[in-house]
Amino acid sequence: MPEAQDAQPEDVTYYATDCEALLDYAFSVYLGRNDACSLIIEERLLHRLSIPEKIGLLKDLLERHEMTWAPYDTLSQELTKLFGYRNNISHSSPFRGDRFHRVLRRRGTNDMFDTTRDEVVEFVDRGVPPA
């Protein structure tokens, strides 16, 4: 995990990608009858789901199994925040070379937003499982 002084906004994308891959793997194991079935589910079905659909599926499974204790009680909300931040960073570019002052093209206009090293570390932490 990057140290706070070295954290860059793009660091979040790596952890969010890992989280999505782990989510797909967990779904495939849960839904598959065996390893071959799980592999087909992961390769042929899960990649078609959007992030909101995957988070909805996660919420449904957690509710069905009454997993209401920490960390499951806030998992879907934390992943929604992580993926939202990742999307903002991934679809924006540094403004005049400053990675923390960014420009995002939306609906024909340039939206400017700022992020901080502390925010980056916070979102990286969301993507790293507890030790």
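Throughout, read-outs are computed from the coordinates displayed, never taken from laboratory work. Keep in mind that what you see is a predicted model, and the values were worked out from it rather than measured. Here the Cβ positions follow ideal geometry from the backbone for every residue, glycine too, while neighbour counts run over all protein chains shown.
Projecting the Cα atoms of Asn87, Leu23, Ser76 onto the dipole axis of the chain, where Lys and Arg carry +1 and Asp and Glu carry -1 at the beta carbon, places Asn87 farthest toward the positive end. Normalising the average separation of contacting C-alpha pairs (under 8 angstrom, six or more residues apart) by the number of residues puts the relative contact order of the chain at 34 percent. Taken over region 4-127, the percentage of Cα pairs per 10 Å bin, counting from 0 up to the bin with the maximum distance, is 12, 35, 31, 17, 5, 0. Working note: Karplus 6.51/-1.76/1.60 with θ = phi - 60° gives region 118-124 the couplings 4, 4, 4, 4, 4, 6, 4 Hz, where Gly and Pro are set to x.
Computed from Cα atoms, the angle from the helix 11-31 axis to the main principal axis of the chain rounds to 10 degrees. With both labels modelled 7 Å from their Cα along Cα-to-Cβ, the Thr116 to Ala70 distance reads 2.4 nm. Ordered by the count of other Cβ atoms within 10 Å of each Cβ, fewest first, Lys59, Lys54 give Lys59, Lys54. Give me a comma-separated list of calculated 3J(HN,Hα) values for region 49-61, in order, Karplus coefficients 6.51, -1.76, 1.60 applied at θ = phi - 60°, integers in Hz, x for any Gly or Pro. 3J(HN,Hα) across region 49-61, in whole Hz: 7, 6, 4, x, 5, 5, 5, x, 4, 4, 4, 4, 5.
Dipole size of region 4-127 about its Cα centre, with +1 on Lys/Arg Cβ and -1 on Asp/Glu Cβ: approximately 600 debye, rounded to the nearest 20. Take the Kirkwood radius over Cα pairs of region 33-100, plug it into Stokes-Einstein at 4 °C and 1.567 mPa s, and you get 89 µm²/s for translational diffusion.
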